[in-house]
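Below: one structure, written as structure tokens.
Each value in this text was obtained by applying a stated rule to the coordinates, not by laboratory testing. Computed from a predicted model, the values in this text were never measured in an experiment.
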Amino acid sequence: MEERTKFHVGLDVHKGSISVAAAGLGRSPARLIGHVAHDVHKLLTVLARIGSAGQLHLVYEAGPTGFGLQRALKAKGYLCEIIAPSRIPKRPGDRVKTDGRDCLQLTEYSRAGQLSAVWILDPATKRSEICRERAKTPSTAACRPGINSRASCCAMTSATPARPRGVLPTTGGYRRSISTPAPPRRRSPSIGMRSRPPTSASSD
């Protein structure tokens, strides 16, 4: 965090909207600025009311929207970081999640220095360099330079052997499939029928 930062801004980013909250360097509680559409130009207009680009420290939670917003804000001179959801502190008993509460909490956690930003891949970075680094670890030894497919680059080397057809996996091995017919049952003798005693051969 740079010393010139004067305001911490938390964003709750969704596909159609962005919620904005801000807090100063003191202990005053964070305040909700408002909600805008997911548009960079409209967001820049709201951020300009809070302070200049060099005075703001922006954070938002990683999600399905990707890194496009962060790169657009960085190109405008803003310090913007993406936070991993698993590294955001959770308050005990706090199960209510709304857009306003989420951005307010991000703002206060950012001011307290309790957030860890994720590494954002530069678009100019070649995938071959990433595969070369991943190939150093045994779990990703299948990654080799020159692979263009991300799925094949990140594939695990441990392959599961194919199981025989008609059986289901179990903890100790395999068992027969449910659809396998059971062996025929033996018929029990009918009730009331008695077997005749063996007849001895008559002697002459």
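Based on Cα coordinates alone, diagonalise the gyration tensor for region 7-112, multiply each eigenvalue by 5, take square roots, and list the semi-axes in whole Å, largest first. Mind showing how you got there, number by number?
Values: eigenvalues 78, 52, 32 Å².
Three semi-axes, in Å: 20, 16, 13.
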Original post:
So, in Å, what gap is there between the alpha-carbon centers of region 76-110 and region 1-55?
Top reply: 12
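At 0.36 nm per residue, and after removing the present C-alpha to C-alpha distance, how many nm does the segment from S116 to R71 gain when stretched out fully? Kindly include the intermediate steps, with their values, before the conclusion.
Values: separation 45, 0.36 × 45 = 16.20 nm, distance 1.80 nm.
Stretched fully, the S116-R71 segment lengthens by 14.4 nm.
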